[in-house]
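Chemist: Dropping a structure here in C-alpha cells format, bear with me for questions.
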Amino acid sequence: MSWWVLVVSGVLEAVWATALGRSEGFTRLLPSVVFGVAIVASMGGLAYAMRELPVGTAYAVWVGVGASLTVAWAMATGEEPVSLVRVLLILGLVGCVVGLKLVH
C-alpha cells in the first residue's frame, strides 16, 4: 500500500509543480488553489509512505516520479523542447525509480 500511495504522491508532485508555474507568482486563483491542495496531499502521502519505507528510498521515488512526469507533461504541452536525449534521460530516471522498488 505504501508504494501505491508514494507513486500517487509523486504524481501529485507533478501537479503542484505545474500549477506553481502556471500560478504566475500566486496571482492566478485556480492554479494557486490547485497548487495548495496538491502540495498538501502530496506531502501527506509522502509522510504516510515513509512510515513503512526508508526515507532515502521514499524521497528518491517521490522526486523521480514527480520530476519525470513534470518534464513529460511540459514536453507534451510544448512548454519544453522534445529531443531523443531528453526522452532517454527521463526513461533512465524512471528506470532508477523502478530499480529502487525492485531492490527494496
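Derivation of every value follows stated rules applied to the coordinates shown; laboratory data play no part. All of these numbers come straight from a predicted model, not from anything done at the bench. Cβ sites come from the backbone with ideal geometry, for glycine too, and all protein chains shown count toward neighbours.
Chemist: So how many residues does segment 1-60 have that are of a type outside the set (S, T, N, Q) and outside any helix (DSSP H, G or I)?
Modeler: 10
Chemist: Select from segment 40-73 the residues that are among the β-branched types (Val, Ile, Thr) and either surrounded by fewer than 17 Cβ atoms within 10 Å (Cβ to Cβ) or free of Cβ contacts under 8 Å to residues at least 12 places away in the same chain (or both) and list them in ascending order. Before you say what the answer is, go through the steps one by one.
Modeler: Initial filter on segment 40-73 (among the β-branched types (Val, Ile, Thr)): 40, 55, 57, 61, 63, 65, 70-71.
Passing the criteria: Val40, Val55, Val63.
Chemist: Within segment 74-83, take every residue that is assigned to a helix (DSSP H, G or I) and surrounded by 12 or more Cβ atoms within 10 Å (Cβ to Cβ) and give me the one that is nearest to the chain's Cα centre (by Cα). Step through it out loud before you land on a result.
Modeler: Initially, segment 74-83 is screened for residues assigned to a helix (DSSP H, G or I), giving 74-76.
Keeping just the survivors that are surrounded by 12 or more Cβ atoms within 10 Å (Cβ to Cβ) gives 74-75.
On the way: Ala74: 13, Met75: 15 Å.
That would be Ala74.
Chemist: Determine, yes or no, whether Arg86 is of a type in the set (Lys, Arg) and part of a helix (DSSP H, G or I). Please lay out each step first, then the result.
Modeler: Numbers: of a type in the set (Lys, Arg): yes; part of a helix (DSSP H, G or I): yes.
So Arg86 passes the test.
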